[in-house]
Amino acid sequence: MAKVKRQLAMMMDLNKCIGCQTCTIACKRLWTRDEGMDYMWWNTVNTMPGAGTPRDWEEMGGGFKDGVAQAGRLPTRREFGEAWEFNYQEVFYGGKGKDTHLKVVGDEPEWGPNWDEDQGAGEYPNAYYFYLPRICNHCTNAACLEACPRKAIEKREEDGIVVINEDRCKGYRFCMEACPYKKIYFNHAKNVAQKCIFCFPRVEQSVAPACARQCPGRLRFVGYRDDEEGPIWKLVEKWKVALPLHPEYGTDANVFYVPPLAPARIDEDGNFDESQPRIPNEYLISLFGEEVLTSLEVLKAEMAKTRDGKTSELMDILIARHWPDMFGDFTRDPATIKWVEA
Ligand code: SF4
Ligand code: SF4
Ligand code: SF4
């Protein structure tokens, strides 16, 4: 396991995500516009319950069990979803705009990111869903790093960000099999693996990652895990409401989530029924482990306190009235920096 001096982390409050995909586009615009990257979305926001990106990624294996690496499957490009070509020319410039509509050119698409958006689960009137934004977890025990025979994956000593050295990568894709979160893409044009870099060129200039800084929901917090004055430490260590996704994957993820609360169920007479959660506990446990139940109880208790007019440090952090409080050391305005294109 790579030793680091400090570990950067992100925390996302799932109660605030509106599924707008601003984060997805912020990342795309900055990092995945080159050749071979058109189908890549280093940041994804999927509807849960759902198959996600790549399709059914939770069933593809990888990670560790009792410290032993587990076999994983390589996600295919079709499972991620192709970057479709549309008939823009015909609709916008071909004079047929009134007779035809935008559609995919070529093979009929079978799957893509957010194919099952907003479907969720459950039966009316108790259907439910929530959005799950995902990036690389910059794991402490990174399965991708362990699996690479070229030692092309590095965990940066200064901040724990996991990066792929494209000069060393030979495109073997063992990292893609090993990552249980399936957060690595393959660039067929360059024959290298590529993934979220936690916006390290921004971080080095004290600027928060683009997906976090541009999130209108104010749900993404950024900081060092050992900063006891910062929101990450308070939410993860002090209040223990923020949990890693699939902790059983054994990689010690450094992205955390405040789990989703849901409205009360509605019974047959149309009345609220608080006795049963709308989102089944078993489902949330399958995502975040048993600790999710305690986390939800703490959230409910602190919400009740604020309803009674009392103050709650936890609610004040999560509401994030003052956005710089969400980003610790990374509040610099990116517009103040003279960026140089590589
Ligand atoms: Fe590696 Fe996957 Fe962990 Fe990212 S999420 S550090 S790609 S194992
Ligand atoms: Fe993309 Fe940066 Fe967010 Fe990673 S941290 S998903 S590279 S915007
Ligand atoms: Fe959710 Fe924020 Fe991303 Fe919008 S930008 S989808 S609110 S995480």
> Hey, which aspartates and glutamates would be in cross-link range of LYS183, C-alpha to C-alpha under 16 Å, not counting anything within fewer than 8 residues on its own chain?
Replying inline: ASP38, ASP56, GLU58, GLU59, GLU79, GLU82, GLU146, GLU154, ASP252
> Hey, got the dipole for the range 196-246? About the Cα centre, +1 on K and R Cβ, -1 on D and E Cβ, debye to the nearest 20?
Replying inline: 280 debye
>> Return the equivalent ellipsoid semi-axes of the range 90-145 as a descending list in whole Å, where each equals the square root of 5 times an eigenvalue of the C-alpha gyration tensor.
In response: 36, 23, 10
>> Out of the total accessible area of the range 83-142 (probe 1.4 Å, heavy atoms of protein only), what percent is carbon and sulfur?
In response: 49 percent
> Of all DSSP beta bridges in the chain, what percent run antiparallel (nearest 5)?
Replying inline: 85 percent
> If you take the square roots of the eigenvalues of the alpha-carbon gyration tensor of the range 1-62 and sort them as a ≥ b ≥ c, do you get rounded (a/c under 1.5), prolate (a/b over b/c) or oblate?
Replying inline: rounded
> Out of SER275, THR32, THR311, whose Cα points farthest toward the positive end of the dipole of the chain (charges: +1 Lys, Arg; -1 Asp, Glu; placed on Cβ)?
Replying inline: THR32
>> With viscosity set to 0.890 mPa s at 25 °C, what whole-number translational diffusion coefficient in µm²/s follows for the range 184-342 from Stokes-Einstein and a Kirkwood radius over Cα pairs?
In response: 134 µm²/s
> If we count every other residue with Cβ under 12 angstrom of SER275's Cβ, Lys/Arg +1 and Asp/Glu -1, where does the sum land?
Replying inline: -1
> Across every pair of different alpha-carbon atoms, what Kirkwood hydrodynamic radius in Å does the chain reach?
Replying inline: 21.5 Å
>> Can you compute the charge dipole magnitude of the range 48-104 about its Cα centre, using +1 on each Lys and Arg Cβ and -1 on each Asp and Glu Cβ, nothing else charged? Give it in debye, rounded to the nearest 20.
In response: 160 debye
>> For a quick check of your reading of the filter: which trypsin sites (Lys or Arg not before Pro) in the range 92-163 sit in a DSSP loop and have no more than 12 other Cβ atoms within 10 Å?
In response: LYS98, LYS103, LYS151
> In the structure displayed, which of LYS28/LYS300; LYS28/LYS234; LYS65/LYS170; LYS65/LYS238; LYS238/LYS310; LYS3/LYS338 lie more than 24 Å apart, Cα to Cα?
Replying inline: LYS28/LYS300; LYS28/LYS234; LYS65/LYS170; LYS65/LYS238; LYS3/LYS338
>> Probe radius 1.4 Å, ligands and nucleic acids ignored: give me the carbon and sulfur share of the accessible area of the range 220-311 as a rounded percent.
In response: 50 percent
> If you bin every alpha carbon distance in the range 173-255 into 5 Å steps from zero, what whole percent lands in each bin?
Replying inline: 3, 12, 16, 19, 21, 17, 8, 3, 1, 0
> Is it possible to state the helix-based mean residue ellipticity at 222 nm for the chain, with each DSSP H run of 4+ residues giving -39500 (n - 2.57), the sum divided by total residues, to the nearest 500 deg cm²/dmol? What is it?
Replying inline: -4500 deg cm²/dmol
>> So, for the range 1-47, what is the accessible surface per residue at a probe of 1.4 Å, expressed in square angstrom?
In response: 46 Å²
> With point charges of +1 on the Cβ of Lys and Arg and -1 on the Cβ of Asp and Glu, referenced to the Cα centre of the range 1-136, which listed residue (TRP115, PRO75, GLY95) lies farthest in the positive direction of the dipole?
Replying inline: PRO75
> Given +1 on the Cβ of Lys and Arg, -1 on the Cβ of Asp and Glu, and no further charges, what dipole in debye does the chain carry about its Cα centre, rounded to the nearest 20?
Replying inline: 1220 debye
> How long is the range 53-192 along each principal axis, judged by its Cα atoms, biggest number first, in Å?
Replying inline: 58, 46, 29
>> Charges on Cβ only, +1 for Lys and Arg, -1 for Asp and Glu, centred on the Cα centroid of the range 1-89; of CYS23, MET12, GLY61, which one is farthest towards the dipole's positive end?
In response: MET12
> What is the range 111-222's relative contact order, in percent, from Cα pairs under 8 angstrom and six or more apart in sequence?
Replying inline: 17 percent
>> Full-extension gain between ALA71 and HIS101, please, as 0.36 nm times their residue separation minus the C-alpha to C-alpha distance.
In response: 6.3 nm
> Quick one: with all protein chains in place, what share of the accessible area of the range 3-61 is carbon or sulfur, to the nearest percent (1.4 Å probe)?
Replying inline: 51 percent
> Using a cut-off of 13 Å between alpha-carbon atoms, which aspartates and glutamates can reach LYS103, once sequence neighbours fewer than 8 places away in the same chain are excluded?
Replying inline: GLU85, GLU90
> When the chain is fully extended, how far beyond the present Cα-Cα distance does TRP323 get from ARG33, taking 0.36 nm per residue of separation?
Replying inline: 101.5 nm
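The values are calculated or read from the model by the stated rules, or taken from the named source; none is laboratory data. Remember, predicted model here, so these are calculated numbers, not experimental data. Don't worry about glycine lacking a Cβ; one is built from the backbone with ideal geometry, like all the others, and counts go over all protein chains shown. What goes into the accessible areas is simple: the full protein's heavy atoms, side chains included, and nothing from ligands, DNA or RNA. Shrake-Rupley method; radii C 1.70, N 1.55, O 1.52, S 1.80 Å.
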